[in-house]
1. Taking 1 over the mean of 1/r across every pair of different Cα atoms in region 6-47, what Kirkwood radius in Å do you get?
2. Output needed: percent of Cα pairs per 5 Å distance bin for region 1-124, bins running from 0 to the one holding the longest distance.
3. Sort 110, 84 by Cβ crowding within 10 Å, fewest neighbours at the top.
4. What is the spin-label model distance, in nm, from residue 80 to residue 54 if the labels are put 7 Å beyond Cα along the C-beta direction?
5. By counting other Cβ atoms within 10 Å of each Cβ, how are 23, 50, 117 ranked from fewest to most?
6. What is the fewest-to-most order of 143, 18 by other Cβ atoms lying within 10 Å of their Cβ?
Ligand SMILES: NC(=O)c1ccc[n+]([C@@H]2O[C@H](COP(=O)([O-])OP(=O)(O)OC[C@H]3O[C@@H](n4cnc5c(N)ncnc54)[C@H](OP(=O)(O)O)[C@@H]3O)[C@@H](O)[C@H]2O)c1
């Protein structure tokens, strides 16, 4: 299996990268981001570019990849809706649309968030924007999985769990593999596939 990974310099993306590099079923990982990872591994190829959504600059042939893990994202803390939507929704869809069009057999795993609003119309700005992002991803003709992760620790304090939270401090590869089984698919759209990637 060949994988494209976005957001590999982030907290969750690093966990996904580690899981992919350790997993014998993953033959290769292409990490696309705006900063170098500082990691070398025989299975890892890296593409550093200002605009991670420019797949042609990254030399990506979507047909050559089986899955994409999209861990790129920002905290909404202190952001206006337009700015948050530009990264959360627009950038995500700018990556997902060409991948889905060129390779409908691809599996796309999106890191969403616990409490995401599938109606896309609620009062919470971040939940609304994530909800619209999920809904638009689920409309695309590939297998899309939404991973509604609870707040955990992050280099961005905005995700830090509150007092009494039992959220784990690091992402577990096992949670990702459960995710790939479709457990966090949103209910706003019927499942497009029952098969795990
Ligand atoms: N951590 C949590 O507890 C938590 C909880 C719920 C949901 N989430 C969601 O999970 C996703 C990742 O969270 P995280 O904690 O791993 O965040 P993080 O540690 O801040 O990492 C974010 C990643 O996204 C990249 N990125 C952000 N904005 C970008 C842009 N405009 N262009 C290119 N790359 C950009 C960052 O690249 P650079 O390194 O170049 O900045 C980094 O690789 C987010 O969508 C977040 O909403 C996280």
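Read-outs throughout are calculated quantities, based only on the coordinates presented, and are distinct from any laboratory measurement. Keep in mind that what you see is a predicted model, and the values were worked out from it rather than measured. As a convention, Cβ positions derive from the backbone with ideal geometry for all residues, glycine included, and neighbour counts pool all protein chains shown.
1. 10.3 Å
2. 2, 10, 21, 24, 20, 12, 7, 3, 1, 0
3. By the 10 Å Cβ count, ascending: 84, 110.
4. Spacing of the two 7 Å Cα→Cβ label points: 2.6 nm.
5. 50, 23, 117
6. So the ranking, lowest neighbour count to highest, is 18, 143.
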